[in-house]
């Protein structure tokens with residue numbers, strides 16, 4: 001009987017995928033905020049522009065944290081595979097080269 005995960009956080013892979021989707025959503029919002037900033041500039045709405053710039057700055061910080069989280073999750077996935085022998089370690093080049101017997 002296999003285990004069915006109930007939330008995206010039941011596995012490292014699920015968490016990685018969730019964080020990836022979150023990063024995409026943040027990027028979409030950042031683009032929308034940049035468009036709103038341009039609109040505020042054209043409308044000469046200085047306070048609105050400044051508020052939107054603060055939003056943009058905080059989204060940039062959040063994006064950086066999410067990128068860092070994705071890297072950490074990826075490292076954890078790799079380490080788990082190595083520890084559980086899910087991934088075979090690469091063999092050195094000398095061991096993989098087949099030597100012909102001398103005559």
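The values are calculated or read from the model by the stated rules, or taken from the named source; none is laboratory data. Predicted, not measured: the structure shown is a model, and the values here were computed from it. Every residue, glycine among them, receives a Cβ derived from its backbone with ideal geometry; neighbour counts consider all protein chains shown.
Quick notes on this structure:
- Tallying residues that are on the phi < 0 side of the Ramachandran plot, part of a loop (DSSP other than H, G, I, E, B) and at pLDDT below 95 within the stretch 39-94 yields 8.
- Lone unmet requirement of (1) touching a residue at least 12 places away in the same chain (Cβ under 8 Å); (2) surrounded by 14 or more Cβ atoms within 10 Å (Cβ to Cβ) for residue 27: (2)
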